[in-house]
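Okay, so here's the structure we're looking at.
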Amino acid sequence: MLAKANPGIDERIKSEPFMTRLMKRPELGAIGGVILVTIFFMITADSAMFTLSGIMNFMTPAAQLGILGIAAAMLMIGGEFDLSIGSMVAFAGMIFGVFTVNVGLPLIFAIPLTLAFAASIGAVNGMIVIRTGLPSFIVTLASLFILRGASLVGLKLFTDGSTQLRGVRDAVENDFLTPIFSGEAFGFVFRKLADIGVLETFKSGLPKVPGVPVEILWFIAFALVATYILLRTSAGNWIFATGGDSNAAQNSGVPVRRVKISLFMVTAMAAALVAIITVIDAGSTDARRGFMKEFEAIITAVIGGCLLTGGYGSAIGAFFGAIIFGMVTIGLTYTDFDQDWFQVFLGGMLLIAVVFNNAIRKRVTGER
Amino acid sequence: MTNPIIHMEGIKKHFGNVIALNGVTFDVFPGECHCLLGDNGAGKSTFIKTMSGVHKPTAGTINFEGKPLSFNSPRDAMEAGIATVFQDLAMIPLMSVTRNFFMGREPTKGRGILKRFDIDAANEICVEKMRDMGINLRAPDQAVGTLSGGERQTVAIARAVHFGAKVLILDEPTSALGVRQTSNVLSTIARVREQGVGVVFISHNVRHAMAVGDRFTVLNRGQTLGTASKGNITPAELQDLMAGGQELATLEGSLGGTV
Ligand SMILES: Nc1ncnc2c1ncn2[C@@H]1O[C@H](COP(=O)(O)OP(=O)(O)OP(=O)(O)O)[C@@H](O)[C@H]1O
Ligand SMILES: [Mg+2]
């Protein structure tokens, strides 16, 4: 007689070991990378790299890149690229400079206007991609040049011929919103810790690290919000579906066009946020701002586990990808290595990440 | 009978110079299973895609519950209560079964900015609906890409049955299914029909069509060959119509009546 199958449980599965489950997470590679890079610099770099000020030193560029990288990751999960992120930083920087310096708007107007301006350009990118059906790679490659050129022309126009717009610092110095976008946060905590001797201090008694640079907080907040959206909201499900197979998603009732356009807008606004933070910090803006950042952002996303074909990836992965980036860029200055190894290192990381991600994807889809 | 839920009149669909549909009229009543039959390339899938909002018809009118309507997207059709199992299933291999099941119609909890995808409820419903169809999922967070062809088809069917409040469209839903799952699908069709849902069923299998169908419309090269109701047509006549009106009898004879 045939054994009667038990309807409740499936006897054909072994319980999945924790490690196998972990292996399927897209961010695994990036976290492993952070560990490896940390060990590498622990051995080779000056011990100053892992003091509090050393950490702030590499986390600041990591944060600036990471804000772009997380946005690029979300867009990539949604199945598209944006090569104009870097130029958008320059363009939004120019717009922001003009609003604050030339027009003299307070930040409460200048910032939303800059973000809205960037978002509308992002929406145009998205609409062109959707209308023409062309790969976003090509469409945004055009935007890369258009925005870079427009930043140059615009800067000259608004500064009577210079490619640098100065005076942002003076214009926003006393604005009540400035501390949110520039400088260090939690200064009082750090001073307190210095007083009780937990933190290293200068002779004056002030802590050597005055606080957490605000971009790091923006970076962490953005990573958390993006992860929440991707994993815990309907919109997140739509992003994965759109990138996985936009036709199937559309036929299943996902508003694919809305998803893509929103993602292009988010990416552009992330670029504008980075522009605002770095322009206030530098006190001026120029046409080279954000140069090559589009590639670094995409590399960050890929190291973070995003598939180039879309539908798979993670914001937390991009978060760690950006930290790897920051550690390598800044870390090499703490070692005896020639700093120009940086690009070699980066290319190597990218290659390893792509090969690794490909293997992971095969695992997830059951090697078909 | 009452009024049809959906009535499609003179539907034409051209793709460039290809005429896929050339004036098809079709309707579905509540609690009825209307079978759409025809040869490969007859235009069945194209037709149901105009019904589910994927294609906009080149010409023709759609009346939904007595009112003229035009669907701008599959989402519109879904909101009207039309759910479809597409021939290509519309599944995302990289996503989990649950995420596929609720794609575009996620259950949420919380309100305002805290409104979020209720994954626990979604997993529960998904496992339960799949069990109803005779498939025990290993885990609801398993990627659809790891499922067998028939399991994948079952997810698509379970999803459509769950969301098809008024009209359920099934485009060759049993093509990859085992014996038990097929009879499950056929009895599910019978069940939802009793609940007053109108079912559109596409199949190449006359026995399956005869088992659940109330009316049969045969398409051939983008046109309707005619509609017959159950009892007015024999399986053999239907078979001949489905093959484009040609005599299959001789062929059937030589194959020992197994077609
Ligand atoms: N997007 C499209 N562009 C061009 N031609 C199309 C398109 N979709 C369908 N067709 C053509 O329309 C005709 C009908 O196709 P359809 O898919 O509706 O057939 P079908 O009856 O579902 O066939 P099958 O039984 O094989 O599923 C075919 O000749 C097909 O080539
Ligand atoms: Mg078909």
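The values are calculated or read from the model by the stated rules, or taken from the named source; none is laboratory data. Because the structure is a prediction, the values reported are computed rather than measured. All Cβ positions, glycine included, derive from the backbone under ideal geometry; neighbour counts span all protein chains shown. Just so you know, the surface numbers come from the protein's heavy atoms only, side chains and all, with ligands and any DNA or RNA stripped out. Shrake-Rupley method; radii C 1.70, N 1.55, O 1.52, S 1.80 Å.
For A:Asp195, the accessible surface of its heavy atoms amounts to roughly 120 Å² (probe 1.4 Å, protein chains only, rounded to the nearest 10).
Remark: spin-label model distance B:Val179-A:Thr201 equals 8.6 nm, labels positioned 7 Å along the Cα→Cβ axis. Helix A:107-132 and the longest principal axis of the Cα set of chain A meet at an angle near 40°. Here the Karplus curve 6.51 cos²θ - 1.76 cosθ + 1.60, taken at θ = phi - 60°, turns the phi angles of segment A:92-106 into couplings of 5, x, 5, 4, 4, x, 5, 4, 7, 8, 6, 7, x, 6, x Hz, with x standing for Gly and Pro.
For A:Phe81, the residues whose modelled amide H falls within less than 5 Å of its own, excluding neighbours fewer than 5 places apart on the same chain, are A:Ser136, A:Phe137. Label separation (B:Glu128 vs A:Ser47): 6.1 nm, computed from points 7 Å beyond Cα along the C-beta direction.
Against chain A, whose longest principal axis comes from its Cα atoms, helix A:214-232 is set at around 20 degrees. When only Cα pairs below 8 angstrom with a gap of at least 6 residues are kept, segment B:6-254 shows a relative contact order of 28 percent. The calculated 222 nm mean residue ellipticity attributable to helices in chain A amounts to -22000 deg cm²/dmol, summing -39500 (n - 2.57) over DSSP H runs of n ≥ 4 and dividing by all residues.
In a reduced charge model with +1 at each Lys and Arg Cβ and -1 at each Asp and Glu Cβ, the protein assembly as shown shows a dipole moment near 640 debye about its Cα centre. Rounded to the nearest 0.05, the FRET efficiency derived from the C-beta distance between A:Asn174 and A:Phe109 at R0 = 22 Å is 0.90. Summed over qualifying helices (DSSP H, 4 residues or more, each -39500 (n - 2.57)) and divided by its residue number, chain B shows a 222 nm mean residue ellipticity of -9500 deg cm²/dmol. Hydrophobic, long helices, defined as DSSP H runs whose alpha-carbon span along the helix axis is 15 Å or greater and whose mean Kyte-Doolittle value is at least 0.0, occur in chain B at B:149-163. Under 1.5 on a/c is rounded, so check that first for segment A:226-367, then, if it is not, pick prolate when a/b is larger than b/c and oblate when it is not; a ≥ b ≥ c are the square roots of the alpha carbon gyration tensor eigenvalues. Verdict is oblate for segment A:226-367. In terms of its alpha-carbon gyration tensor, segment A:87-172 comes out oblate; a/c meets the 1.5 threshold, while b/c is at least as large as a/b.
Positive-end ranking of B:Ser45, A:Met49, A:Gly283 along the dipole of the protein assembly as shown, with charges on Cβ about the Cα centre, is headed by B:Ser45.
Relative to the longest principal axis of the Cα atoms of chain A, the long axis of helix A:315-331 lies at roughly 50 degrees. For the pairs B:Lys12/B:Lys166; B:Lys166/B:Lys230; A:Lys260/B:Lys49; B:Lys44/B:Lys109, note any where the Cα-Cα span goes beyond 28 Å. Exceeds cut-off: B:Lys44/B:Lys109. Near B:Ile5, the amide H atoms lying under 5 Å from its own belong to B:Val28, B:Phe29; only residues 5 or more places off or on other chains count, and H is placed 1.01 Å from N. Once you've got the Cα coordinates, tell me which of A:Lys362/B:Lys56; B:Lys13/B:Lys67; A:Lys192/A:Lys293 are over 26 Å apart. Flagged as over cut-off: A:Lys362/B:Lys56; A:Lys192/A:Lys293. Its Cα centre serving as origin, chain A has a Cβ charge dipole (Lys and Arg +1, Asp and Glu -1) of approximately 1080 debye. Both the radius of gyration and Dmax for the protein assembly as shown are 29.9, 105 Å, in that order, over alpha-carbon atoms. Stretching A:Phe40 away from A:Ile352 to a fully extended chain increases their span by 110.7 nm, per 0.36 nm per residue minus the current alpha-carbon distance.
Restricting attention to segment A:135-217, which trypsin sites (Lys or Arg not before Pro) occupy a DSSP loop and are surrounded by at most 10 other Cβ atoms within 10 Å? Those that pass, being in a loop and sparsely packed, are A:Lys203. Computed over segment A:52-363, the P(r) tail beyond 31 angstrom holds 33 percent of alpha carbon pairs. A convex hull fitted around the alpha carbon atoms of chain B yields 148 Å³ per residue.
Across segment A:52-363, C-alpha contacts under 8 Å between residues 6 or more apart give a mean separation that, scaled by the residue count, equals a relative contact order of 36 percent.
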